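These notes concern the structure reproduced below.
Rule-based calculations on the coordinates, nothing more; no lab input. These numbers come from a predicted model, not from an experiment. For neighbour counting, all protein chains shown are included, and Cβ atoms are generated from backbone atoms with ideal geometry for every residue, glycine included.
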Amino acid sequence: MATDIAAAAEALLKARRDRVWLESLPEGARPADIADVQAIQQRVAEARGPVGGWKVGAANPQATPGAAPLNAADLHLTPEPLAASRFNIIGVEAEIAYLLGRDLPPREAPYTREEVLDAVESLHPVIELVDTRFTRLGVSDPLSHAADQVNHGALVVGPALVDWRSIDPVNQPVRLMFDGKVVLEHVGGNSAGDPVRLLQWLADTGARAYGGLSAGMVITTGSCTGMLLIQPGTRVLAEFPGLGSVETAVV
């Protein structure tokens, strides 16, 4: 029996509106495969307004990537505090994002590495705020959580680095601080490895149903720190030496 995509999307949208969190999606509306996940994501994204970017990642350098569209309403370009009332949980991940300066529309031939890199206008340090429309992370099956925008809450985008070609994301140092105290510091940390592979997959496959990738989109390429939960009022600073820093707080 086919998954009820509309019922799944409506349950997730209702949870956002009413702040009554889900233990699971309705019977018959739980995704059976990645195609169902993508269809639910798209239905929710279209209901919430324009798509301004993407999150994309992979479990390891060989794994097939996964992605979720990010609505423009969830992208934040300033360090102004975010309201805790908009979140269910508050998780934090420091990541590296790419801002596109030109379109990458769907086409038959795969995009080359250089074509994708040439489409990038700038590199940005970002903080992804992790959230869920379920009662907690991991309460339901993995495909249902993936359908819920892969646990996305918001993306805080730091300043642009236009001269970014010398940056090596795989060997990029990162430092994460809460209220001025270092909670994590290391090199690399993204399980996906080279993020350019993720960008290529997104241009070729992941964003095809949306008409491809457009200039101005911000694409964040996976956690460099893992996810850490914070309490409201915590000031978060992510530093990427040589790339830049980004900060936020949820109050």
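Any idea how many residues of segment 124-150 are crowded, with 21+ Cβ neighbours inside 10 Å and either more than 18 Å from the chain's Cα centre (by Cα) or polar (S, T, N, Q) (or both)?
3
Report yes if some residue within segment 102-125 is outside any strand (DSSP E or B), hydrophobic (A, V, I, L, M, F, W, C), without any contact (Cβ under 8 Å) to a residue 12 or more places away in the chain and more than 19 Å from residue 50 (Cα to Cα); otherwise report no. Before you say what the answer is, go through the steps one by one.
Restricting attention to segment 102-125, the residues satisfying the condition of being outside any strand (DSSP E or B) are 102-103, 105-119.
Cutting the leftovers down to hydrophobic (A, V, I, L, M, F, W, C) gives us 109, 116-117, 119.
From the residues that got through so far, the ones that are without any contact (Cβ under 8 Å) to a residue 12 or more places away in the chain too are 109.
Still in the running and more than 19 Å from residue 50 (Cα to Cα): 109.
Scanning segment 102-125 turns up at least one residue that is outside any strand (DSSP E or B), hydrophobic (A, V, I, L, M, F, W, C), without any contact (Cβ under 8 Å) to a residue 12 or more places away in the chain and more than 19 Å from residue 50 (Cα to Cα).
Just to check your reading of the model, which residue among 221, 234, 205 is of a type in the set (Ser, Thr, Tyr) and farther than 19 Å from residue 114 by Cβ? Can you show your working first?
Numbers: 221 fails: farther than 19 Å from residue 114 by Cβ; 205 fails: farther than 19 Å from residue 114 by Cβ.
Residue meeting the stated conditions: 234.
Which one is surrounded by the fewest Cβ atoms within 10 Å (Cβ to Cβ) among residues in segment 21-57 that are among the acidic types (Asp, Glu) and touching a helix residue (DSSP H, G or I) at 6+ places or on another chain (Cβ under 8 Å)?
The initial filter retains those residues of segment 21-57 that are among the acidic types (Asp, Glu), namely 23, 27, 33, 36, 46.
Right, trim to touching a helix residue (DSSP H, G or I) at 6+ places or on another chain (Cβ under 8 Å) and you get 33, 36.
Values: 33: 10, 36: 21.
Ranking the qualifying residues of segment 21-57, first place goes to 33.
Could you look through segment 58-79, keep only residues that are free of Cβ contacts under 8 Å to residues at least 24 places away in the same chain and closer than 30 Å to residue 17 by Cβ, and pick out the one that is surrounded by the most Cβ atoms within 10 Å (Cβ to Cβ)?
The residue in question is 72.
Right, residue 176: crowded, with 17+ Cβ neighbours inside 10 Å, aliphatic (A, V, I, L, M) and under 19 Å from residue 70 (Cβ atoms) or not? First the steps, then the outcome.
Numbers: crowded, with 17+ Cβ neighbours inside 10 Å: yes; aliphatic (A, V, I, L, M): yes; under 19 Å from residue 70 (Cβ atoms): no.
No: the conditions fail for residue 176.
Condition first: among the charged types (D, E, K, R) and assigned to a helix (DSSP H, G or I). Now tell me which residues in segment 1-46 satisfy that. Don't jump to the end; show me each part of the working.
Let us first name the residues in segment 1-46 that are among the charged types (D, E, K, R), namely 4, 10, 14, 16-19, 23, 27, 30, 33, 36, 43, 46.
10, 14, 16, 17, 18, 36, 43, 46, listed by residue number.
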